[in-house]
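Here the structure is laid out as structure tokens; the discussion comes afterwards.
The values are calculated or read from the model by the stated rules, or taken from the named source; none is laboratory data. Just so it is clear, the structure is predicted and the values come from calculations on it, not from any experiment. Methodologically, a virtual Cβ is constructed for each residue, glycine included, from the backbone with ideal geometry; neighbour enumeration extends over all protein chains shown.
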Amino acid sequence: MNMIKALFVGLAFALLTTVPAFAQQSVPTPGCKATPAELAATKHLVMDFASKTGEAKIALADPNDYVQHNPANHKRAEAQHLSDYEDFKKMFLAGGPGGLGGAAAGPKPPEGNPTEMVLAECDVVIIVHKIFRQDPTAAPGTFYASYSFDAYRAKNGKIVEHWDNALITPPPAPAGRGQ
């Protein structure tokens, strides 16, 4: 249990130090009190949202109140003069986060993005995922386990906010350049 508590404290610290917009808000909503049944319903909504794609996923987000705190997605929305919801919708109609780009060539990591834990308090649910990353210090095809998170706020049965640990990264170099 101490390990779970330490992970939760570390995750909370990461949220508050790497995502300034998240830190500017109280978590959960001030004065929010949720019954065990309400927490279960909110967890169910978020897990359903996380597992869906395309129109089924879009239907679970609030078109009027959806706020994206992923800096790369938010920046793309601003550049295209789209709302966070319109960008989210466009991305998932294109086939999901990978729908706007192509799959990388080379060795593939182990399959899946298993959920390691789901934490809920009031109207906020955090999902911790186990992911595999290429070890940059080892031969191609050598992967290590890492962890990422998605945090969601739900309101009236819809997803209204999303945070994750994504970064703004430079675009890949065009093929054939610098060789």
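Couple of notes before you dig in:
- Filter result (over 14 Å from Val160 (Cβ atoms) and in contact with an Asp or Glu (Cβ under 6 Å, 6 or more places away or on another chain)) within region 32-70: Asn70
- Criterion violated by Asn113 - all others in (1) at pLDDT 80 or above; (2) part of a loop (DSSP other than H, G, I, E, B); (3) within 15 Å of the chain's Cα centre (by Cα) satisfied: (1)
- Single residue of Ala138, Ala104 found to be modelled with pLDDT of 80 or more and of a type in the set (Gly, Ala, Ser): Ala138
- Restricting attention to region 133-179, the residues that are farther than 30 Å from Ala34 by Cα, part of a strand (DSSP E or B) and among the polar types (S, T, N, Q) total 2.
- Where a residue in region 157-170 is within 15 Å of Val67 (Cβ to Cβ) and touching a residue at least 40 places away in the same chain (Cβ under 8 Å) and its partner, wherever it lies, is of a type in the set (Asp, Glu) and in a loop (DSSP other than H, G, I, E, B), with Cβ under 9 Å and at least six apart: Lys158/Asp62; Lys158/Asp65; Ile159/Asp62; Val160/Asp62; Val160/Asp65; Val160/Asp123; Glu161/Asp65
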